[in-house]
Structures are given as structure tokens and as C-alpha cells.
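Read the figures in this text as sums done on the coordinates, not as results from a lab. Since we're looking at a predicted model, the values are computed, not measured. Here Cβ is always computed from backbone atoms with ideal geometry, including for glycine, and neighbour counts include all displayed protein chains.
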Amino acid sequence: MGSNESLMQGQRVVNGVPIIIAPDLPAGTISGVDASRIYSVIRDEVRVDVDESVYFTSDRIAVRTTMRMGFGFADPASIIKMTAAA
């Protein structure tokens, strides 16, 4: 009781909050974002294309979806950046 030890092997947590590793950050840099302040924004209508002729030799259908989306941050002050001191 009261342990922050992860129940899933390999998952990293800080005070019970899961940490997601982003390989694009420079070494020694950590960014923190409050997940309740992030919004997913769909920019255009989602398009679904279905083509039954591609796989006419069997009972398969080719399906492709296209969507333009981005992420919005409601409160820029809730984003933090930490760097390790040399």
C-alpha cells in the first residue's frame, strides 16, 4: 500500500503518474505536460476510402483513412521543461 512501483513491467512512473518516453527530445531534457490540458483537434473531415477491387481474388477489402489533426495546449503555463545540469 502506498507504493509507486509499477504493476506493468517496464512502465516508468513518478508519484503514480505514467511517464511516456519521447525519443525526439535531446539527451538530458524532460518535458512535462498536464494531460488534462491537452486537446486533440481534427482539422478537416476524416476521409475513408474503400476499394473492393484490389483484392478481388479473395474476400478482402482495402480500406484507407485520411485525417489531419493536431494537438492544442489550453494553458501554455502547464508545460514544463527540465534539463539536467552538467
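Assuming R0 = 30 Å, can you tell me the calculated FRET efficiency for the pair F73 and R47, based on Cβ-Cβ distance, to the nearest 0.05? Before the final figure, lay out the partial values.
Details: r = 27 Å, r/R0 = 0.89.
My answer for the efficiency is 0.65.
If I model a spin label at I38 and A22 as a point 7 Å from the Cα along the Cα→Cβ vector, what separation in nanometres do I get?
So the two model labels end up 0.8 nm from each other.
Using 0.36 nm times the number of residues separating V13 and D59, minus their current alpha carbon distance, what extension gain do you get?
Going from the current span to full extension adds 12.1 nm.
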